[in-house]
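Single-structure report; data block below.
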Amino acid sequence: MEQYNVVIIGGGPAGLAAAKAAYDEGERSILILERDSLLGGILNQCIHNGFGLHTFKEELTGPEYAKRFEDEVRARGIECRLNTMVMDLSSDKTVTAMNRTDGMFQIRAKAVVLAMGCRERSRGALNIPGYRPAGIYSAGTAQRLVNIEGYMPGRKVVILGSGDIGLIMARRMTLEGAEVQVVAELMPYSGGLKRNIVQCLDDYGIPLKLSHTVVDIEGKERVTGVTIAEVDSKNKPIPGTEEHYDCDTLLLSCGLIPENELSRGAGVEISPVTNGPKVNERLETSIPGVFAAGNVLHVHDLVDYVSEEAADAGRNAAAYVREGNAPETENGTAVTFEGGIRYTVPSTVDTEKMKDLMTVRFRVGSVMKDRIVKVYANGEEIFKKKRRIMAPGEMEEVLLRKTELQKFGGLKTLKIKVEEA
Amino acid sequence: MWDAVVIGAGVTGSAVARYLSRYRAKVLVVEKSEDVCTGTSKANSAIVHAGYDAKNGSLMAKYNLEGSLMMEDLSKELDFPYDRCGSLVVCLSEADRPTLEKLYENGVKNGVKGLEIVERDRLVEMEPNISDDAVAALYAPTGAIICPFLFTIALAENAAENGVEFRFDTEVKSIGRTGDGVFKLVTDKGEILTKTVVNAAGVYADFFHNMMCEKKIRITPRKGEYLLLDHEAEGFVRHTIFQLPGKFGKGVLVSPTVHKNVIVGPTANDIDDREGTNTTASGLAEVMEKSARALKNVPVRKTITSFAGLRAHEDGHEFIVEESKENPGFFDAAGIESPGLSSAPAIGKAVAEMVKARLKLEEDPSFKATRKGIVHAAELSIEERNELIKKNPAYGQIICRCENVSEGEIIDAIRRPLGAKSLDGVKRRVRAGMGRCQAGFCSPRVMEILARELGKDQSEVTKSGGESRIIVGEIKDKW
């Protein structure tokens, strides 16, 4: 069986950043397995700009951003196998993969970085009633058809869900001459970034209807129309609020789901909130030596943070190989939260093993104004920052210093709390 | 001049065609859709009923039992998935026990083997998620599950391999007789002359019956809505779980599928529209609510898709499988609602024998009873898979990541006899797009393969034939 020290599953932004960082940490036996025919993952179809503001201090398109990381990976001579699908990951870190030329093969890895990204929630998972004609696409599928294949999926469009891809596609389809009539969003707030609502909807006069959903899809062969309705506080459609739209296309942008089929197969513990692995301060999953980063861990808004997180995972994977499986100390301190926070990544922190400066990322469950985010260690406030507005669509973060946490001798509790200002 | 024309390429029509193909005869199947298995046959519970339910002495009881007994051997001959997982009809109240006993007795009378009433303790062992209200159940070890698509496709392919011709996108408008015992079918693609006609038109069977027969029938589309749950729900139930009709009315079933999903449904609502396969908010809600009666914590949140099918319900609630008295040579296979899928082999065989008797057909010694399905690469060992990839590298390229379907399988689905012509056609044959992302990732790839294999432009590729085109044109830069 082939052996590699670090096997990275996925050659998108997370996988590339992890590979680069593992290499720079001194690791030379690295393999990236990518199912597509090119590196860069979903960035390749994100031809709009706005990528890289944090990382490169300039606005890049998705393919440009991917290219920068790809060049770094290529310059280091890191091995990549393209068109290669990972079929299975076992708990002992045996990776089974397949492609046209090598057939099905197995690799024994000392460390694995999960970087498989996420998928879109489908119409079926949303249980939207109606017919099942052609003309219903997830926003990402439409994005691929338009930006990679050069095809128009439709001319008269209704969009359900205000996730970022849906917003981006509202603008993209409009620029291609389609008529985007409305974006309906089930929740009373958008799941997308504020800047996308402004730049992709407001600038083109596309209405965003909050607390609305699709209640019927018409058309037996191709979509001929959809009906949307307002929903009540329990997300149930309110009778009498139905509005009909003639259209040939319904795009869905109703949330992203981390793709953890391989992780589950290996026995990695998955958080029911994020649908991603539970990880410790080193982004290590419940299986020692298996790390996770990017959208497979939890869905991000900005690729810059994916790269940052994945670089950490890559470094930690390299360190794991170098140092071996450190003797199990205590499990670390659970990160608890209050005040509307839905989850944190990581979910535990070991003050011995954490790096000097660690980012804890989290999301809140509703829109909140004028708040203070505070961190309490052993009940004592160690950090605070003001937030004028917090929303489910925008990822939050706090920075923790190792020295600060170690001050306590033994860290018993670590709590992140959102309080009213 | 054809010896026999079968109207409808659903499971019944395909079964008739397959059993007719063993005789020396010129047989044609005409189908208004672009593929086999696009109506009632594609959207049902995917169950082989054991045969205890239908009224003793009815054709439903007869053909159900015969079909159920034929199915396993047939699944080996024609290479389609079949799993005799057994079924349980769950009694949720002591008050309903007499109904359960009656069902048992009816089953015994119908000739169903192995039936027994299991009490709560054993039931809980068999199905740990069974409702706390469950008091007993009728256990039918011969109950089974199949894939209705692959079953129908297997029958049709085998018929085609044995010389039966299929014409798709061909809608029969009327049937008449010319002199001397010849039928004339007027279709949207011209006229067809034939010595015999088999009416296997599903929800449209009454149209054709009533053109030919004095005693009129009426078929009402009875809509059934379903939820299909993700592979993650696999193992939630081990048997097909029915609810005994009782104080809550008729329930819904929860069953494993041969593809390791869980199916939940159906509702039963009579509608007017014979193409009305839309799901409804109330229907889906009803499925969820009713499924919770016999089982605890049904994982309906793991739904990957919902769909509706139409049962061809005839007023008499009985199969009509016979030759017309006024018009000898016209054969009905009408009113084929549940247990129609289970009965299909028996009905197919019976109708084929009626046609044989009418035309005095002879056995065709070249008839080949077996057929090999598309290889399911995900089920092979690493060695077997590598052997396959060495011969054809396309089997090493995964296209549908949710169901692990390779390009090789998709190409085979397109190239084989009666091959797939649309995304849905591919989906029914090899499951690309059937998984949890519901074709989000693979549909552009499958479109590409379909266009290449069929020598078409991608703009001509459809979801399911007709006007169901996936794309409407090119982007500006390409103009």
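The values are calculated or read from the model by the stated rules, or taken from the named source; none is laboratory data. Everything quoted here is computed from the prediction, not taken from an experiment. Cβ: placed from backbone, ideal geometry, glycine included. Neighbour counts: every protein chain shown. Side chains included, ligands, DNA and RNA excluded: accessible areas come from the protein's heavy atoms. Shrake-Rupley method; radii C 1.70, N 1.55, O 1.52, S 1.80 Å.
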- Query: Quick one: with all protein chains in place, what share of the accessible area of segment A:269-345 is carbon or sulfur, to the nearest percent (1.4 Å probe)?
  - Reply: 49
- Counting every Cα pair in segment B:377-470, what percent are over 22 Å apart? 24
- Message: Less than 9 Å Cβ to Cβ from residue B:243, Lys/Arg counted +1 and Asp/Glu -1: what total charge do the surrounding residues give?
- Response: +3
- Item | chain A: projected area of the alpha-carbon convex hull, averaged over directions, in nm² | 21.2
- With Rg and the Kirkwood Rh both taken from Cα atoms, where does Rg over Rh land for segment A:331-421? 0.96
- Message: Under 20 Å between alpha carbons, and skipping anything fewer than 8 positions from residue B:113 in its own chain: which aspartates and glutamates qualify?
- Response: B:53, B:66, B:72, B:73, B:83, B:101, B:105
- Note on the structure: Longest principal axis of chain A (C-alpha) makes with the long axis of helix A:303-323 (C-alpha) an angle, in degrees to the nearest 10, of 30
- Message: For a 26 Å ceiling on Cα separation, which of these pairs sit above it: B:173/B:215; A:194/A:220; A:156/A:209; A:234/A:384; B:26/B:391?
- Response: A:194/A:220; A:234/A:384; B:26/B:391
- So what is the diffusion coefficient of segment B:235-329 in µm² per second by Stokes-Einstein at 4 °C and 1.567 mPa s, using a Kirkwood Rh over Cα pairs? 83
- Item | 10 Å Cβ neighbours from other chains, averaged over peptide B:224-230 | 1
- Item | Summed buried accessible surface, chains B and A, 1.4 Å probe, nearest 100 Å² | 4400
- Accessible surface, per residue, of chain B when the full set of protein chains is kept, probe 1.4 Å, Å²: 39
- At 20 °C and 1.002 mPa s, the Stokes-Einstein diffusion coefficient in µm²/s for segment A:1-81, with hydrodynamic radius from the Kirkwood sum on alpha carbon pairs, is 166
- Task: Any chance you could tell me what percent of the C-alpha pair distances in segment B:161-200 go past 14 Å?
- Result: 52
- Message: What's the magnitude of the charge dipole for segment A:276-421 around its Cα centre, counting Lys and Arg as +1 and Asp and Glu as -1 at the beta-carbon? Answer in Debye, nearest 20.
- Response: 360
- Query: Which value, in nm² and rounded to one decimal, describes the direction-averaged projected area of the C-alpha convex hull of the protein assembly as shown?
  - Reply: 39.6
- Along the charge dipole of chain A, Cβ charges K/R +1 and D/E -1, which of A:106, A:147, A:391 sits furthest on the positive end? A:391
- Query: Which net charge results when you count Lys and Arg as +1 and Asp and Glu as -1 among the other residues whose beta-carbon is under 15 Å from that of residue B:26?
  - Reply: +3
- Message: In whole percent, and with a 1.4 Å probe on the protein chains, what portion of the accessible area of segment A:122-254 is carbon and sulfur?
- Response: 51
- So what are the three principal axis dimensions of segment B:21-143 from its Cα atoms, in whole Å, longest to shortest? 56, 31, 27
- A:55, A:96, ranked by accessible area, largest first (probe 1.4 Å): A:55, A:96
- Per principal axis, largest first, the Cα atoms of segment B:118-232 extend in Å by 67, 37, 24
- Normalised per residue, the volume inside the convex hull of the alpha-carbon atoms of segment B:216-279 in Å³ amounts to 139
- Query: Residues with beta-carbon under 11 Å from that of residue A:396, excluding residue A:396: net charge, scoring Lys, Arg +1 and Asp, Glu -1?
  - Reply: +3
- Message: Restricting to DSSP H runs of at least four residues, report the calculated mean residue ellipticity at 222 nm for chain A, -39500 (n - 2.57) per run over all residues, nearest 500 deg cm²/dmol.
- Response: -5500 deg cm²/dmol
- Task: Output the direction-averaged projected area (hull surface divided by four) of the convex hull of the alpha-carbon atoms of segment B:1-61, in nm².
- Result: 5.8
- Note on the structure: Scaled by the rule-of-thumb 2.2 N^0.38 Å, the alpha carbon Rg for segment B:90-137 gives a ratio of 1.17
- From the residues A:345, A:95, B:444, which one has its Cα farthest along the dipole of the protein assembly as shown in the positive direction, the dipole being from +1 and -1 charges on Cβ of Lys/Arg and Asp/Glu about the Cα centre? A:95
- Task: Work out the charge dipole of segment B:89-181 with +1 on the Cβ of Lys and Arg and -1 on the Cβ of Asp and Glu about the Cα centre, then indicate which of B:154, B:130, B:117 is farthest towards its positive end.
- Result: B:154
- Note on the structure: Toy charge model, Lys and Arg Cβ at +1, Asp and Glu Cβ at -1: segment A:122-254 dipole around Cα centroid in debye, rounded to 20, equals 340
- Task: Kindly give the semi-axes, whole Å and largest first, of the ellipsoid equivalent to segment A:122-254, taking each as the square root of 5 times a Cα gyration tensor eigenvalue.
- Result: 21, 18, 12
- Note on the structure: Everything considered on the Cα gyration tensor (a ≥ b ≥ c; rounded for a/c under 1.5, else prolate if a/b is larger than b/c, else oblate), segment B:289-392 must be described as oblate
- Message: For segment A:259-351, I need the span (max minus min coordinate) of the C-alpha atoms along each principal axis, in Å, sorted largest to smallest.
- Response: 37, 27, 26
- Rg and Dmax of chain B, Cα atoms only, in Å: 22.5, 72
- What shape does segment A:182-248 take by its C-alpha gyration tensor, where a ≥ b ≥ c are the square roots of the eigenvalues and a/c under 1.5 counts as rounded, a/b above b/c as prolate, and the rest as oblate? oblate
